[in-house]
Every structure is written in structure tokens, then in C-alpha cells.
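Peer 1: Dropping the structure in here first, questions after.
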């Protein structure tokens, strides 16, 4: 099995991974980025990004990631479009396996991100980025004075719904039970909000839409009441998934410290994990903000932390 050694290996190619690559490359650390089979991370399935600094007219998600990658490559970063299948942090140098090859590294930056939980229905994918979203902070602005649906009943769903009331005319929370799972404080906040309505004991079985001027738009959701079995269609201009996120950390189980949900734990205000020389950046260690700009910032931090750690090893 062929093997090659690198000073820094970065696992993940979203804003965190590519920003880490840029800073590591400028520090002459010659980073190798494992971009996986979805280069660019979640922003590649986002249409327009209007809240990333420096783009006053907005920028398409894939275009933003292409520019980040080009900038990192300009300073010497290299990309491999392979999935990492195993990581061994118990040995030095660290061992990374990707498909049919092995790679070693003095330092590793984990930027594998977190994936939104979805319903798993075909129409969800069909309208993703065209009225279907898993990030109210990212896309809420596009639904001014419109009616939207939020799926879920926990804190995530209530947070999304509450944020969306800043823009939408009406927010309907669809929950499969007859009571919310969210904290009491969050529940009280939602119940008091005149813009929020509730659809209990129901699930979304289909997202309904059409093509308008060559563009897909959401027009409603098909609902099924789990107690009565009756089906109905509710008007909606957008659908937001509020059923949580799942950090992509399965590869690092029993090696890196995680919280109960699986988010990587870092030390203090740094990106250091429990294993010296392994750093975490972006949504893989962030259950709170989950924004492109905050991910990019932590990618910068991880590269600087890695650079300083490497220097300390040779002191």
C-alpha cells in the first residue's frame, strides 16, 4: 500500500478546511487536503450566500468554495478528492487511510463538518436550495412576508422558527408528537409568538412545488396526521428542517473526546483536541453557530495552533 508523509493533513474541504489550508500553506507547511466526494462541504448545496463578508452582492455557495480552494492552492496547498476511511492517532506520525492509500502527518486538522438531519423523502432533495433549507440564519432573509414550515419539536426547531418570524409572515411548526421536546423556556417563547402556529401529531410526507420561469419553487407540504391517518396539503413558500445536525465524527470515535451528540471537544479557546497535534475546526466542533464565516475563522485558528504546536516540537 503506497504511503506518503506530509507536515499537515486537513480532513474536510468546507470553509474551515480550506481556510486552514490557506493559512497552513502560507506558513510553508505544505498542507494536504482530503476533500472527500463532496468538495466544498455544505455550501456546495447552497444557492446564494448573502452573509459572507466581502461579497456585498452575494455569491453562489459553490463559487465561494471554488475561490477559497483556488486561493489555498495558490500558496501551495494540495487537494485529494478521496474519502478518508480511517485515522490512527495512537501512533506518530499520525496515520490516515484514504481508499487504497496510506498517508502520514505530523499534525492533523479535522474539519469534517456536521450534516443536517433530513426527512429522507425524494422531494426534499429536489427542492433543496429552492425553498428547502436546514439553516434559518442562512436563508431566512429570502422569505420576507411569506409562509414557511419548520419540521421538528426540539430546541433546534424552536430556534429556527423564532428566528424566521423576523422575516416570514407566518411560521408553522410541524411536530410528530402532541407536545414539544424543547426546553420550557424555548416553548414559552414560541407559544407567546403570534407568528408561530403548531401542527401536532403530523409528519411531512412530501414537499410540493412547481417550476416558475425555469426555477423550482415550493408551494406547500403534504401532511399526514399520525393519529387519524388523514392527509392534507398546507400552503408553504419554504420548508426548514429543524431536526438537528449530526457531526461527521464517526471516524474518530474512541480517539478524540466528544460531547454526547458527537461534536469534538476542544481545549479552552483553542482548536486543540485531547490528542496533541490534532486540531478541530468548523462545524465538527461547533454546535452553536454553524456559519460559514465562523467556520472559516476557526480554520484560521486551527492552522495557527498547528503551526505553533509544530514549532514547539522542534524547539
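Peer 1: Just one of 113, 131, 152 is under 30 Å from residue 24 (Cα atoms) and in contact (Cβ under 8 Å) with a residue 60 or more places away in the chain; which is it?
Peer 2: Values: 131 fails: under 30 Å from residue 24 (Cα atoms); 152 fails: under 30 Å from residue 24 (Cα atoms).
Only one candidate qualifies: 113.
Peer 1: Here is a further query. Take segment 222-248 and flag every residue that is in a loop (DSSP other than H, G, I, E, B), in contact with a strand residue (DSSP E or B) (Cβ under 6 Å, 6 or more places away or on another chain) and at pLDDT 95 or above.
Peer 2: 236, 237
Peer 1: Limited to segment 189-216, what total is found for residues that are at pLDDT 95 or above, out of contact with any helix residue (DSSP H, G or I) (no Cβ under 6 Å at 6 or more places or on another chain) and over 22 Å from residue 120 (Cβ atoms)?
Peer 2: Total meeting the criteria: 7.
Peer 1: Taking residue 87 and the conditions (1) touching a helix residue (DSSP H, G or I) at 6+ places or on another chain (Cβ under 6 Å); (2) in a loop (DSSP other than H, G, I, E, B), which numbered condition does it fall short on, given that it satisfies the others?
Peer 2: Condition (2) is where residue 87 drops out.
Peer 1: So which residues in segment 260-293 are on the phi < 0 side of the Ramachandran plot, surrounded by 17 or more Cβ atoms within 10 Å (Cβ to Cβ) and part of a helix (DSSP H, G or I)?
Peer 2: 283, 284, 285, 292
Per-residue answers, yes or no, for (1) assigned to a loop (DSSP other than H, G, I, E, B); (2) within 20 Å of residue 244 (Cβ to Cβ); (3) under 18 Å from the mean Cα position of the chain (by Cα); (4) touching a residue at least 40 places away in the same chain (Cβ under 8 Å):
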{"position": "139", "(1), (2), (3), (4)": "no, yes, yes, yes"}
{"position": "159", "(1), (2), (3), (4)": "no, yes, yes, yes"}
{"position": "166", "(1), (2), (3), (4)": "yes, no, no, no"}
{"position": "171", "(1), (2), (3), (4)": "no, yes, no, no"}
{"position": "186", "(1), (2), (3), (4)": "no, yes, no, no"}
{"position": "194", "(1), (2), (3), (4)": "yes, no, no, no"}
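Peer 1: Counting only residues that are over 18 Å from residue 251 (Cβ atoms) and part of a loop (DSSP other than H, G, I, E, B), which one in segment 2-38 is modelled with the lowest pLDDT?
Peer 2: Ranking the qualifying residues of segment 2-38, first place goes to 2.
Per-residue answers, yes or no, for (1) more than 21 Å from residue 31 (Cα to Cα); (2) modelled with pLDDT of 95 or more:
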position: 263; (1), (2): yes, yes
position: 267; (1), (2): yes, yes
position: 271; (1), (2): no, yes
position: 274; (1), (2): yes, yes
position: 278; (1), (2): no, yes
position: 289; (1), (2): yes, no
position: 296; (1), (2): no, yes
position: 304; (1), (2): no, yes
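The values are calculated or read from the model by the stated rules, or taken from the named source; none is laboratory data. Bear in mind that the values here come from a model prediction, so they are computed numbers and not experimental data. Positions of Cβ are generated from backbone atoms using ideal geometry, with glycine treated the same way; all protein chains shown enter the neighbour counts.
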